[in-house]
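Only one structure is covered here, and it is reproduced in the block below.
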Amino acid sequence: MNHRTKDFLSIREKLGESLRLAGDRALVAEGDSLSLIRRLPSHSVSLILTDPPYHSTKKHSIYGDTSFNEDSDYLAWIREYAHEWRRVLRPNGSFFCFCASDLAARLEVLFAAEFNVLSHVVWTKPNDPGFDGWKGKMKKEALRQWYPHSERIIFAEPAVDGNLHRSPFAHFLREIRKQSGLSAHALAEAIGAYGKVNHGGAVSNWETGRNIPSRDQYSKICKAVLGTGRVVSMPSYEDAVRVFRASPAGEFTDIWTFPSVRPYKGKHPAEKPAALLEHAIDATSFPGDIVLDCFAGSGSTALAAVKLGRLAVAMEIDAKWAKTIADRVGLVSNSEPISVGANSRSHLKDNARRPKRPHLPLFEAGK
Ligand SMILES: C[S@@+](CC[C@H](N)C(=O)[O-])C[C@H]1O[C@@H](n2cnc3c(N)ncnc32)[C@H](O)[C@@H]1O
């Protein structure tokens, strides 16, 4: 059993009675994700792709969007998540967080305490007239700032403790090379990456985090350092490098153009487009990786993850949406949603908007 499967099973066990879906490829937990994530083992997920309430949009239809009077309270809340996100993310993992344009800068500064912020993606929506929110309808002369036509997605990798600007792989390579007694020059020669433009650069570039070795180059690195006899084992490529696959045919810049989800019966008020989520997941994770979304809404991230052959962990506080996610993700991952029993211990605070639960027995997670 590989460590991803082990981690997935361990997460499934830790989420226990909060689970509304406990399949082999997807878990859906209902509850406050700050409490739920604290139960997760450290370094157990490879990708965090999440979309918290934006706070500044003040949408009553989204749980938590109007909960904070002060921006500072919201930021303090997100800071608690940032700490947990950093803890549960594998060292070669990736992190995306959606946010509103007016809070993006403050969130970026906040995330920089735990992560290397790599991109500040601007998501712009080429929506047809009539489907572009207030953009077409509003009185332009009344504007007092540029109309916010974009949302932001902060993209980051975990930072190395004590050196926030070195990527974990860069740090790892430098340490392992030193342990092996090889100079950067000797290692570059041993793998044939010296003085060539070779998948972006040689050892010194990899050690400063400018780019990464290809799979083939990495296996040569392993052979060279193991060959010294001073290093006894090396992690697999998937466990060492942070994957990043951009394609010239797709969106490779930090401006992403994806239309919003068109209104439909049962749409989540903040539902993100599947194509955008698939683009993010495909570029930054390996098949089989665990993808975590702490604010799952309609379950769009989990659906995209399962579709791309990843393992999905979705958390959602609103019982209605948690059920929707379990139903939707259950369908695509061939697993049965778990009925919620009246006696189950819920992690939810009392919420007037929460629908009454049916009196059904709680099935054991995983069955
Ligand atoms: C911006 S929406 C996410 C929409 C989602 N990305 C989608 O595509 O459907 C935020 C979601 O977070 C949920 N939420 C708010 N506070 C939460 C908390 N403490 N724990 C878990 N979920 C929470 C809300 O109920 C809402 O569904």
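Points worth noting:
- For region 216-237 versus region 24-61, the gap between their alpha-carbon centres in whole angstrom: 36
- Ranked H279, H165, criterion: other C-beta atoms within 10 Å, fewest first: H165, H279
- In straight-distance terms, cross-link reach from K140 covers every one of the aspartates and glutamates whose alpha-carbon lies under 17 Å from its own, apart from those fewer than eight places away in the same chain; here that gives D132.
- Dipole in debye (nearest 20) - the chain, about Cα centre, beta carbon charges: Lys, Arg +1; Asp, Glu -1: 300
- Taking the convex hull of Cα positions in region 168-240, its mean projected area over all directions (nm²): 4.1
- Ranked by the mean number of other Cβ atoms within 10 Å per residue, highest first, peptides 237-250, 44-57 order as 44-57, 237-250.
- Interchain or long-range residues, amide H under 5 Å from L118's placed H: F155, A156, E157
- Highest mean first, the peptides 92-99, 32-39, 64-71 sorted by other C-beta atoms within 10 Å per residue fall in the order 92-99, 32-39, 64-71.
- Helix 215-227 vs. the chain, principal-axis angle (Cα, 0 to 90°, nearest 10): 50
- For the chain, the mean residue ellipticity at 222 nm estimated from helices alone is -9500 deg cm²/dmol, where every DSSP H run of n ≥ 4 contributes -39500 (n - 2.57) and the total is divided by all residues, rounded to the nearest 500.
- Per-residue ³J(HN,Hα) for region 100-115, Karplus 6.51 cos²θ - 1.76 cosθ + 1.60, θ = phi - 60°, Hz, x for Gly and Pro: 7, 4, 6, 10, 4, 5, 5, 5, 4, 4, 4, 5, 5, 6, 10, 10
- In degrees, nearest ten, helix 3-15 long axis to first principal axis of the chain (Cα): 30
- Out-of-range pairs (alpha-carbon distance over 21 Å; input K58/K307; K272/K323; K135/K272; K178/K223; K59/K137; K14/K272): K58/K307; K14/K272
- Rg(Cα)/(2.2 N^0.38 Å) for the chain, N = residue count: 1.06
- Nearest-ten-degree value, helix 319-333 long axis tilted from longest Cα axis of the chain: 50
No value in this document is a laboratory result; all are computed from the given coordinates. Note that this is a predicted model, so its numbers are computed, not measured. Backbone-built Cβ (ideal geometry, glycine too); neighbour counts: all protein chains shown.
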